Each structure stands twice: as structure tokens, then as C-alpha cells.
Amino acid sequence: MSKTYIVANWKMNLLPKDAIFQAKQLVKQYKPKKRNNDIEVVICPSFTEIAAIAKILQSSGMFLGAQDVFWEEKGSYTSSISAATLKDHDCKYVIIGHSERRQYQKETNEVINLKIKAVLAQGLIPILCIGETFVERQDGQKESVLFDQLSGALQGVWLKEKDRLLIAYEPVWVIGSGQAVDPDEAELTQASIKRLLLEFLPAGIVSDNISILYGGSVNSMNAKSFLSKPSIDGVLVGGASLNIEDFLPIINYNT
Ligand code: PGA
């Protein structure tokens with residue numbers, strides 16, 4: 001049975017003491033139906049809290065992710081963090097190509113491609129974020145934007161049997177808006193993403209190694225309507241992952 005992923009993206013929102021408090025509370029109150037169940041909860045704090053939160057999450061049934069990475073293994077790259085360093089801190093996942101990095105750091109599909117390769121080379125799992133802006137959607141360009149982002153990010157990426165890749169479809173215009181897209185529309189988009197992937201990846205890889213998540217204003221009220229759709233393999237949660245009251249019902253949605 002394939003897993004369901006619930007990923008918390010804390011972005012740049014929590015001071016260290018608040019992030020550590022939040023992680024400790026989560027560990028205390030998380031009730032997986034059974035250990036080793038089919039739900040994988042991933043917490044992505046700022047780099048500065050990675051080491052502390054790695055310790056807190058140990059044996060909790062939850063996993064650690066980073067919000068970004070640099071593509072080189074080591075060297076004179078001031079301020080950058082390598083995939084090897086993240087691995088050393090017990091990170092299992094790395095968010096790559098979030099729309100906020102594409103917008104504010106001008107991250108391109110080429111850079112995203114290098115990061116995905118670097119993360120896979122360390123045996124970590126990339127969470128590739130894709131999504132169209134409101135203008136692109138209005139102009140009828142949604143599919144072509146998604147295709148460019150997918151094909152650019154995955155150019156020359158060969159997933160081995162043990163590799164996994166998560167793709168988070170996040171329509172840029174709903175992120176942080178409080179208004180998610182309709183779960184039926186999200187489901188249709190998941191199907192289009194699968195179809196687009198099949199244009200350049202073997203069917204076996206698309207079905208066995210890739211999971212497709214939805215992100216954008218997921219909260220405790222609407223999470224279940226996304227997570228109960230068979231073709232939506234999980235959710236990427238920003239704002240609603242920042243406090244226990246909102247996030248606990250999401251990660252315990254099936255208890
Ligand atoms: P949001 O953010 O849940 O606050 O909309 C999601 C994201 O940016 O990953």
C-alpha cells in the first residue's frame with residue numbers, strides 16, 4: 001500500500017524556542033493509528049533548528065525535512081547547506097523549488113534540477129514543488145507551466161528502484177490565501193500531472209516511485225477532503241502547521 005504524506009513547511013515563521021516547543025508538543029500528542037503505519041509525517045523547520053529537531057523527532061514516528069539545499073557536495077559556497085550535511089542531521093526529505101524560492105530567490109528549473117540530483121545522490125527524498133500563478137491559470141497556461149516545471153526539474157533524473165520522489169502541486173495563487181482549490185479540481189490536476197510525467201518517464205517509475213501531494217491553504221477543516229481522494233497521496237501544509245491546534249487534527253485525520 002502506498003503511503004500518505006503529511007508535510008509541515010514551517011517556512012521562516014518560528015523563532016528557535018517556538019519551533020522546539022512546537023516539535024516537542026507534536027511528539028507528545030501525535031497518535032499514529034499504529035506504529036509503522038502508512039502515514040508519514042514530515043516536519044520541515046528552518047536550517048538553524050534542524051539539529052535540535054532531529055533529536056526531538058528521534059523514534060517519534062515523524063520525520064525531518066529541510067526547506068532547501070545547495071547542489072554542490074562541499075567547497076567554497078558561502079552560506080550554502082549541502083545534501084550530505086542534511087543527511088548527517090538525519091533529514092530524510094528536502095523541499096525543492098517552492099514557489100517562494102522561485103519568486104524571491106529567482107530559482108530556475110535548471111537550479112531545481114541540480115538540487116534534485118544532489119538530494120537523490122545522498123539517498124534523500126526530494127519534495128518538488130510545482131504550480132501555476134493566477135495569471136498563468138487565467139491565460140490557459142496551467143498545463144504547459146506544469147509540464148515545463150516537471151520536465152525542467154526532472155531532466156536527466158533517473159530514479160533507481162529504491163528512490164522516491166514527491167511532487168507537491170501547489171497553485172501559487174492559493175498559497176497562504178486561506179482558500180484552497182476544490183478537492184475535485186486538485187484530483188483532476190493530480191491526474192494531469194501523472195499524464196505529463198508519462199510523456200518523459202517510464203510508466204513503472206511514475207506508478208512505483210513517485211507520489212503526488214496537494215498544497216495550498218490546507219487546514220484542519222479541509223485536509224480530510226484532500227486526503228480521502230485516492231489519487232492525492234498527501235498534503236504540504238504551511239500556515240496550518242504552525243500551531244498544534246490546527247496541525248494535530250490534520251496528522252491524526254484517520255484516528
Ligand atoms: P499554506 O502554504 O498552507 O500556508 O498555503 C503551503 C506552502 O506554501 O507549502
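Tabulated values for the structure
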read-out: For segment 184-255, the Rg and Dmax computed from alpha carbons only, in angstrom; value: 13.8, 42
read-out: Efficiency of FRET from Cβ geometry, Q138 and D90, R₀ 45 Å, rounded to 0.05; value: 0.55
read-out: Euclidean distance of C-alpha centroids, segment 103-130 and segment 147-166, integer Å; value: 10
read-out: Ranking of L64, L196 by count of other Cβ atoms within 10 Å, fewest first; value: L196, L64
read-out: FRET E, pair T255, S76, Förster distance 35 Å, beta-carbon r, rounded to 0.05; value: 0.10
read-out: Expected 222 nm ellipticity per residue - DSSP helices of 4 or more, -39500 (n - 2.57), all of the chain, to 500; value: -11000 deg cm²/dmol
read-out: Residue pairs, from the table K11/K92; K160/K224; K55/K160; K17/K55, whose Cα atoms sit over 21 Å apart; value: K160/K224; K55/K160
read-out: Prolate/oblate/rounded call for the chain, Cα gyration tensor, a/c under 1.5 rounded; value: rounded
read-out: Neighbour-limited loop hits for GluC sites (Glu not before Pro), segment 146-255 (at most 14 other Cβ within 10 Å; DSSP other than H, G, I, E, B); value: E161, E199
read-out: Largest-first principal axis extents, alpha carbons of segment 1-151, Å; value: 47, 40, 31
read-out: Candidates T48, T85, T108: whichever shows maximal mean-square fluctuation once the chain is modelled as a Gaussian network with Cα springs under 10 Å; value: T48
read-out: Gain upon complete extension [E110, D184; 0.36 nm per residue less C-alpha separation]; value: 23.5 nm
read-out: Candidates P202, P16, P183: whichever shows maximal mean-square fluctuation once the chain is modelled as a Gaussian network with Cα springs under 10 Å; value: P202
read-out: Within segment 164-198: backbone nitrogen closer than 17 Å to the Q103 label point (7 Å, Cα to C-beta); value: 169-181
read-out: At most 16 other Cβ within 10 Å, DSSP loop - chymotrypsin sites (Phe, Trp or Tyr not before Pro), segment 150-232; value: W158, F200
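Read the figures in this text as sums done on the coordinates, not as results from a lab. Owing to the predicted nature of the structure, the values given are computational and were not obtained by experimental measurement. Heads up, the Cβs are rebuilt from the backbone with ideal geometry, glycines too, and the neighbour counts pull from every protein chain shown.
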